[in-house]
Each structure stands twice: as structure tokens, then as C-alpha cells.
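Report on the following structure.
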Amino acid sequence: MYYKILSFIGTFWTKRIVSKAHLCLCLGDSIVGYSKYTKKIFSIINTHVTERHISSIEEIENKKNKCMNGPLEIIYVGRMSEMKGPFLWIQSIWHAHSIYQNIRATWIGDGELKNEMIEMIRHYHAEKYIRLENFIRNHDEVINRIKKADILVMTHITAEQTRCVIESLTVGTPVVGFVQPFFRTINFEK
């Protein structure tokens, strides 16, 4: 009962504060919940994309043509942790490969599940088409790797604001993944 009262009080004051604010800056899916109480709400996210990274129409056309003729290059960049759904990612790539063999997939990042991911890749005999790479500190290199990929496959199992989705779409790499409330808040107006 105590926690229900605290939850009610917290919710009451949050609604009141947000509705009276001159400006509300939100991170993640909180924008979806708070947008009911104010029109002066904006989502903030720290990305590493600059104008020089944005793909031209010609680059996107070249990517489309390469997809039709070469291996499908799949990428994901992020921590190897439970909330990112790494085992679903491996299963998804494995399943796609069982239908269309011309696939190469790379997960860039580190985390507590790396050894288990390696074991799962071995279990599926997928070492030839699924690679795990260590965390890359150089943001330009990461953005360029996303840009060169044909698709970003994201299997997050928790709702969160994902920087890699914004970065991927900005550089012209389409995203496949579970629908999350955050995706509806993405606005690419100039």
C-alpha cells in the first residue's frame, strides 16, 4: 500500500510539474508518456552524426544496387547485454541465413554476454556469416561502418531511446527491429 501511495504522489506531481513547465526536454520513451500533459516537449539524444556523414541520394542508390547483387551486410552497434536482445539477434540472423545465404552480419560492441554470444554462434555453426567485433572508440569509424552496411537489425527487448537508430537512418541505412514507442517520436525535419 505504501508504494501505491508513493506512486500516486509521484505521478500527481510529475503531471503537475510537466504541465506547468515552459519547456520539457525528455530522454527516451518518457516523451511518449509526458506528451499528454504539454505541447512544449522535445526529445533529446546525443548522437555522433554530423552533416558530413549524411548519405547523398547517389550513395543510397548505390547501396540499393549493391544489395541486389552482393551479400546483404547487416550490422548492429551496442553493448552485448540482455536488454539489447543479443540472442534474438543471433537467432534472427541465423533464420534469415537459412532462407537467404548471401548474408554477413556484424555486432560491434562489448559486454557481459559476449562469451555466451560466441557460444551461441558456434552452436548454430554461424561463424562464417556472423561476426562479433570489439567496441570501437572512434565515432567516425562507427558511423562509417553503419553507413556502409545495408541494414541495421535491432532486437532490443526493452523500450529505450536508441542512438544507433537515429544514426543509422541519418546515414541512409534502414532499420529493422521491434516497434517501440520511441520510433514514433523521431522527426527528421530540417
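A few remarks follow.
- Qualifying positions in the range 114-143 - crowded, with 17+ Cβ neighbours inside 10 Å and not hydroxyl-bearing (Ser, Thr, Tyr): Lys114, Met117, Met120, Ile121, Ala126, Ile130, Leu132, Val142, Ile143
- Residue match in the range 26-42 (condition: at pLDDT 80 or above and either β-branched (Val, Ile, Thr) or in a helix (DSSP H, G or I) (or both)): no
- Lone unmet requirement of (1) closer than 16 Å to Ile146 by Cβ; (2) surrounded by fewer than 18 Cβ atoms within 10 Å (Cβ to Cβ) for Pro71: (1)
- Qualifying residue in the range 8-16 (condition: assigned to a strand (DSSP E or B), surrounded by 14 or more Cβ atoms within 10 Å (Cβ to Cβ) and at pLDDT below 80): no
- Applying the criterion of being in contact with a helix residue (DSSP H, G or I) (Cβ under 9 Å, 6 or more places away or on another chain) and either among the hydroxyl-bearing types (Ser, Thr, Tyr) or under 14 Å from Lys84 (Cα atoms) (or both) to the residues of the range 95-113, the residue that is surrounded by the most Cβ atoms within 10 Å (Cβ to Cβ) is Trp107.
- Screening the candidates Glu116, Glu167 for the property of being over 29 Å from Leu25 (Cα atoms) and of a type outside the set (Phe, Trp, Tyr) yields one hit, Glu116.
The values are calculated or read from the model by the stated rules, or taken from the named source; none is laboratory data. Just so it is clear, the model here is predicted, and its values are computed rather than measured. Because the Cβ atoms are built from the backbone with ideal geometry, glycine has one as well, and the counts that use them run over all protein chains shown.
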